[in-house]
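Worksheet: one structure, shown below.
The values are calculated or read from the model by the stated rules, or taken from the named source; none is laboratory data. Since the structure is predicted, the reported quantities are computational estimates derived from the model, not experimental observations. With ideal geometry, Cβ positions are generated from the backbone for all residues, glycine too; neighbour counts draw on all protein chains shown.
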Amino acid sequence: MTTSNSARILAAFLLFAGIAHLVNPKFFDAIIPHFLPLSARFWTVSSGIFEIAIGLLVLNAKTSPRGGLLAALLFVAVFPGNLYMAWLWRHRSFWEQAIAYVRLPLQIPLILWGLSIWRSRK
């Protein structure tokens, strides 16, 4: 059993995002919704660790389907943060607003991508 190219690309995406959360936490802290319990740094570091762990699951052929499902659930879970970022950035430059707003509909293909890897199990 081998890992598909699709799974490897999703794993790379998740690993990159997870590492980015840990390397540049201040950026991510700023877009954590203020109404969540605990500190923004807790959520930034936790989400980074989850992204790395899920990326490793997706990368491993034996755990790839489970990782795909967890990736889809993760993309659903972070959607409120993306909505909050779009709200926070509503008065920024055109390009910053575009980045924030384009992220919203992109969650749908990311969720479907994770689900497709989950469904590929034999």
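Observations on the model:
- Residue match in the stretch 107-116 (condition: in contact with a Pro (Cβ under 7 Å, 6 or more places away or on another chain) and in contact (Cβ under 8 Å) with a residue 60 or more places away in the chain): no
Residue-wise test of (1) part of a helix (DSSP H, G or I); (2) modelled with pLDDT under 95; (3) surrounded by 15 or more Cβ atoms within 10 Å (Cβ to Cβ).
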position	(1), (2), (3)
Leu10	yes, no, yes
Gly18	yes, no, yes
His34	no, yes, no
Ser46	yes, no, no
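- Qualifying residue in the stretch 97-104 (condition: in contact with a helix residue (DSSP H, G or I) (Cβ under 6 Å, 6 or more places away or on another chain), more than 22 Å from Pro25 (Cβ to Cβ), modelled with pLDDT of 90 or more and among the aromatic types (Phe, Trp, Tyr)): yes
- Residue satisfying condition, being in a helix (DSSP H, G or I), at pLDDT 95 or above and in contact with an Asp or Glu (Cβ under 9 Å, 6 or more places away or on another chain), within set Leu69, Leu14: Leu14
- Qualifying residue in the stretch 62-83 (condition: of a type in the set (Phe, Trp, Tyr) and either more than 14 Å from Leu10 (Cα to Cα) or in contact with a Cys (Cβ under 7 Å, 6 or more places away or on another chain) (or both)): yes
- Going through (1) surrounded by 17 or more Cβ atoms within 10 Å (Cβ to Cβ); (2) touching a residue at least 40 places away in the same chain (Cβ under 8 Å) one by one, Phe50 falls short only on (2).
- Number of the exception - Ala17 against (1) in contact with a helix residue (DSSP H, G or I) (Cβ under 6 Å, 6 or more places away or on another chain); (2) farther than 23 Å from Leu69 by Cα: (2)
- Residue in the stretch 76-122 that is surrounded by the most Cβ atoms within 10 Å (Cβ to Cβ), counting only those that are closer than 23 Å to Thr3 by Cβ and hydroxyl-bearing (Ser, Thr, Tyr): Ser116
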